[in-house]
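Inspection log for the structure reproduced underneath, given as structure tokens.
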Amino acid sequence: MISLVTHAADLPMVRGPFSLRIVAAAKAYGLEAPFLDVWQGNGCWFSRMDGVLTLAGVPQPEGREETRLFLEASGAGEIFCTPEAAAVLGLVPDQEGPVLWRKQPGERGPLLGEQPSPRAIYPILEACRGPYFPVPSFEPFYLDLSHRFRHGAAAGVVLEEAGMAAACAVAAAVTEEAALLTAVAVRPEFRRKGLGRKAVEQLGSHLPGRELYLFRAKEENQAFYAGLGFVPRGGWACIKV
């Protein structure tokens, strides 16, 4: 049976990037937020926010049909899950790629360093917009990231070059155990100077002792992340509803 989660104590322990997305959103906004719903059941956790339903775990075979009906009734425009979960549910991914992982050195502790303004981050992202690097509208981006920064549920860095914001790295989902790297961007005129690598390493230094995950687009930036010590840890799939 799938049931609504109403108490933070009932949220899953973070054991991977999909659970991390759910727990970090609940940490930032609380389970009372009208735009965030979290459910659990059939061996899985589900969250719906901004039209995306994140599924953490693989549905139990006996709960397959209930889970499929639940997903259809959720009203989500996208389903984000592992390829294994998609296969069990008979869903065909529209996009997929590898999950990458590395462990940050040091003792796990509080989030370190001051957070930059989302206003400094956004123009860098906008300058890098492309087929594999979609950029949301400014207002929802600004409101969401500002809120997550204030509640310790996100972290970011901005690097300057020649007097302007040139590169950034953002982890938009952060808990005490893990962080999800969601954006690394360098303005085209400042590329090939090692700023992307420097931004990731500086962001990592703000997240001591945590596991750091990212969802890499298929066939994109393989050498870059391998050079930063990231290794494959399964895969992700996105299904358009």
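The values are calculated or read from the model by the stated rules, or taken from the named source; none is laboratory data. Note that the structure is a prediction, hence the values are computed from the model and not measured. FYI the Cβ positions are ideal-geometry reconstructions off the backbone, even for glycines, and counts take in every protein chain you see. Side chains included, ligands, DNA and RNA excluded: accessible areas come from the protein's heavy atoms. Shrake-Rupley method; radii C 1.70, N 1.55, O 1.52, S 1.80 Å.
Could you state the number of Å between the C-alpha centres of the range 187-241 and the range 10-75? A separation of 25 Å, based on Cα centres. Reported value for the chain: 123 Å³ per residue, from the convex hull of its C-alpha atoms.
Where only DSSP H runs of four or more residues are counted, the chain gives -8500 deg cm²/dmol as its mean residue ellipticity at 222 nm, each run worth -39500 (n - 2.57). Computed extension gain for Arg68 through Glu32, at 0.36 nm per residue and net of the alpha carbon distance, reaches 10.4 nm. Mean projected area of the convex hull spanned by the Cα atoms of the range 149-213, taken over all viewing directions: 4.5 nm².
The magnitude of the dipole of the range 52-122, with charges of +1 and -1 set on the Cβ of Lys/Arg and Asp/Glu and taken from the Cα centre, is near 400 debye. The C-alpha atoms of the chain define a longest principal axis, and helix 64-73 lies at about 60 degrees to it.
Measuring nothing but protein heavy atoms, the accessible surface of the chain at 1.4 Å probe radius is 53 percent carbon and sulfur.
Here's the list of lysines a cross-link from Lys198 could span, going by alpha-carbon distance under 18 Å and ignoring same-chain residues fewer than 8 apart: Lys103.
Helix 17-29 and the long axis of the chain differ in direction by around 80°, with both axes built from C-alpha atoms. In the chain, a dipole from Cβ-located charges (positive for Lys and Arg, negative for Asp and Glu) runs towards its positive end, and of Ala162, Met1, Val241 it is Ala162 whose Cα lies farthest in that direction.
Note that the range 106-241 shows a convex hull volume over its alpha carbon atoms of 131 Å³ per residue. Heavy atoms of the protein chains alone define the surface here; on that basis the chain has 49 Å² accessible area per residue at 1.4 Å probe size.
Sorting 32-41, 15-24 by their mean Cβ neighbour count within 10 Å, with the most densely packed peptide first, gives 15-24, 32-41.
Derived scalar couplings between HN and Hα for the range 149-160 equal 4, 4, 9, x, 9, 7, 8, x, 9, 10, 10, 9 Hz in order, rounded to whole Hz, by the Karplus curve 6.51 cos²θ - 1.76 cosθ + 1.60 (θ = phi - 60°), x for Gly and Pro.
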